[in-house]
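Visitor: Let me begin by handing over the structure; questions about it come next.
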Amino acid sequence: MIHYSGTPTLETDRLVLRKIKRSDAQTVFDNWLSDDRVMDNLIKGAHKSVEETIKRVTEIVGQYETEEFCYW
């Protein structure tokens, strides 16, 4: 049986994986969700506006409340 514990922060000397914050939306858009090369395997494709990313980040942040959700 899997025992979920939400989205923990994982940290090494060169990397920190943490929960996304609403304030990260512009950076997420600029470096990830607007890039066709990164998003080419997703049905929706790359985001065309930061507003799309704000909506997605808001959805993700809202799901952090449940321990069954894990997303960095």
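Visitor: Do we find that Ile60 is in a helix (DSSP H, G or I), under 30 Å from Met1 (Cα atoms) and in contact (Cβ under 8 Å) with a residue 12 or more places away in the chain in this structure?
Guide: So Ile60 passes the test.
Visitor: Go through the stretch 24-49 residue by residue and tally those that are farther than 19 Å from Trp72 by Cα and aliphatic (A, V, I, L, M).
Guide: 1
Visitor: A further question on this structure: Report whether or not Ser5 is assigned to a helix (DSSP H, G or I) and open to solvent by 80 Å² or more (accessible area, probe 1.4 Å).
Guide: no
Visitor: In the stretch 13-40, which residue that is touching a helix residue (DSSP H, G or I) at 6+ places or on another chain (Cβ under 8 Å) and among the charged types (D, E, K, R) is farthest from Glu68 (Cα to Cα)?
Guide: So the residue we want is Asp24.
Visitor: On the given criteria, is Leu33 surrounded by 12 or more Cβ atoms within 10 Å (Cβ to Cβ) and touching a residue at least 12 places away in the same chain (Cβ under 8 Å)? Even if it seems obvious, please write down each step before you answer.
Guide: Values: surrounded by 12 or more Cβ atoms within 10 Å (Cβ to Cβ): yes; touching a residue at least 12 places away in the same chain (Cβ under 8 Å): yes.
Against the criterion (surrounded by 12 or more Cβ atoms within 10 Å (Cβ to Cβ) and touching a residue at least 12 places away in the same chain (Cβ under 8 Å)), Leu33 qualifies.
Visitor: Next question, about the same structure. Being within 22 Å of Phe69 (Cα to Cα) and of a type outside the set (Asp, Glu) is the filter; apply it to the stretch 42-56 and report the residue that is surrounded by the most Cβ atoms within 10 Å (Cβ to Cβ).
Guide: Here the answer is Thr53.
Visitor: If you go through the stretch 13-21 one residue at a time, do you hit one that is modelled with pLDDT of 95 or more, open to solvent by less than 80 Å² (accessible area, probe 1.4 Å) and touching a strand residue (DSSP E or B) at 6+ places or on another chain (Cβ under 7 Å)?
Guide: Yes: one or more hits.
Visitor: Any residue at all in the stretch 43-51 that's among the acidic types (Asp, Glu), touching a residue at least 12 places away in the same chain (Cβ under 8 Å) and not in a loop (DSSP other than H, G, I, E, B)?
Guide: Within the stretch 43-51, not a single residue is among the acidic types (Asp, Glu), touching a residue at least 12 places away in the same chain (Cβ under 8 Å) and not in a loop (DSSP other than H, G, I, E, B).
The values are calculated or read from the model by the stated rules, or taken from the named source; none is laboratory data. What you see is a predicted model, and the numbers here were worked out from it, not measured in a lab. Neighbour counts are summed over all protein chains in view; Cβ atoms, including those assigned to glycine, are modelled from backbone coordinates with ideal geometry. Note: areas computed on protein heavy atoms with side chains; ligands, DNA, RNA excluded. Shrake-Rupley method; radii C 1.70, N 1.55, O 1.52, S 1.80 Å.
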